[in-house]
Amino acid sequence: MRLGIHTKINEGFEKAVMRLVKLQCNACQMFSRSPRGGKARPLGEGEVRMFRELCDQYDINPVVVHIPYVLNLATPDPEMHEYAVSMVREDMERANLLGASYLVLHMGSHRGQGVEKGLDQVTRALNKALSNYNGETILLLENTSGAGSEVGYTFEHLARVLRDLETAEAGVCFDTCHGFAAGYDLADEQKVAATVIELDRVIGLSNLRLIHANDSVFELGSTRDQHADIGQGFIGEKGFKAILNHPKLREIPLILETPAESDSDWERNLKTVRRLAVPDG
Ligand SMILES: [Zn+2]
């Protein structure tokens, strides 16, 4: 099992990797810059080399970069559109430098212009951002919970943008909390099986590269994005047991984005996942 957490890097890459090692993680996700936006600090050659060496040494793979939440790829506003395009491009380059397999992003909100136009804007922005990109990091579209005027909350939305991307390779990151909030039931084995069949039918399982494993504070279809500890939300232990043991999902790397004030919060959630990932004898 490839399992990791969304880790902070504000105390430097070495500390971040050592925390992952202590937590026995073999995958990780991070922001490559402040999640609130602003100009990114250039990555130093030395720190990049050290980070890549440490990840090799401790078998941390995949490394995932998550793009800041401030950008909106679906925006009708030309200035915000340009900002989003340049941030995606910059983060793809930064992720590539860090040896990250994936850059994960949310599509954003259409702000009243409607879902169709919003999705077209996303495609336009991503095609601009990725033109002539030839790094190794692969872009992943993450499903959203469908709050407000967000796009990207159905498998059809994701499939459509994937289809219209001109880039050679892109895929999908499925966030269990967002999916559940958007109405994809995951609360038991049958529901998980049905959701996986639907994902395969619409997106294709070969495009599913990453899972964000988060329980949901709110009920099925709430459209509210609030992550809960694994097993402590409406997806529950039964749901996660089914997700973690589904034969088609077992090979997909998992990143936890559960609420964490300290390492003991991560430890508790990692322990739950490891316990539930073992099928009944
Ligand atoms: Zn997520």
Can you name every residue in region 225-264 that is assigned to a loop (DSSP other than H, G, I, E, B), more than 23 Å from M30 (Cα to Cα) and either within 16 Å of the ligand (Cβ to nearest atom) or polar (S, T, N, Q) (or both)? Q232, G233, I235
Can you tell me how many residues in region 162-194 are away from the ligand (no atom under 16 Å from the Cβ) and surrounded by 24 or more Cβ atoms within 10 Å (Cβ to Cβ)? 1
Meets criteria (part of a helix (DSSP H, G or I) and within 16 Å of the ligand (Cβ to nearest atom)) for D56: no
When you scan region 165-177, do you find a residue that is in a strand (DSSP E or B), modelled with pLDDT of 95 or more and either among the hydroxyl-bearing types (S, T, Y) or within 19 Å of V217 (Cα to Cα) (or both), even just one? yes
Restricting region 74-100 to residues that are part of a loop (DSSP other than H, G, I, E, B) and more than 16 Å from the ligand (Cβ to nearest atom), the one surrounded by the most Cβ atoms within 10 Å (Cβ to Cβ) turns out to be A74
Answer yes or no as to whether R201 is basic (K, R), within 16 Å of the ligand (Cβ to nearest atom) and over 17 Å from P253 (Cβ atoms). no
Checked pairs for region 27-50, first modelled with pLDDT of 95 or more, second of a type in the set (S, T, Y), C-beta under 6 Å and 6 or more apart or across chains, list as C28/T7; M30/T7
Condition first: in contact with a Pro (Cβ under 8 Å, 6 or more places away or on another chain) and not hydrophobic (A, V, I, L, M, F, W, C). Can you find one or more residues in region 45-52 that meet it? no
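The values are calculated or read from the model by the stated rules, or taken from the named source; none is laboratory data. Remember, it's a predicted structure, so these values are computed and weren't measured experimentally. When we count neighbours, we look across all protein chains shown, and the Cβ atoms used for this are built from the backbone with ideal geometry, even at glycine.
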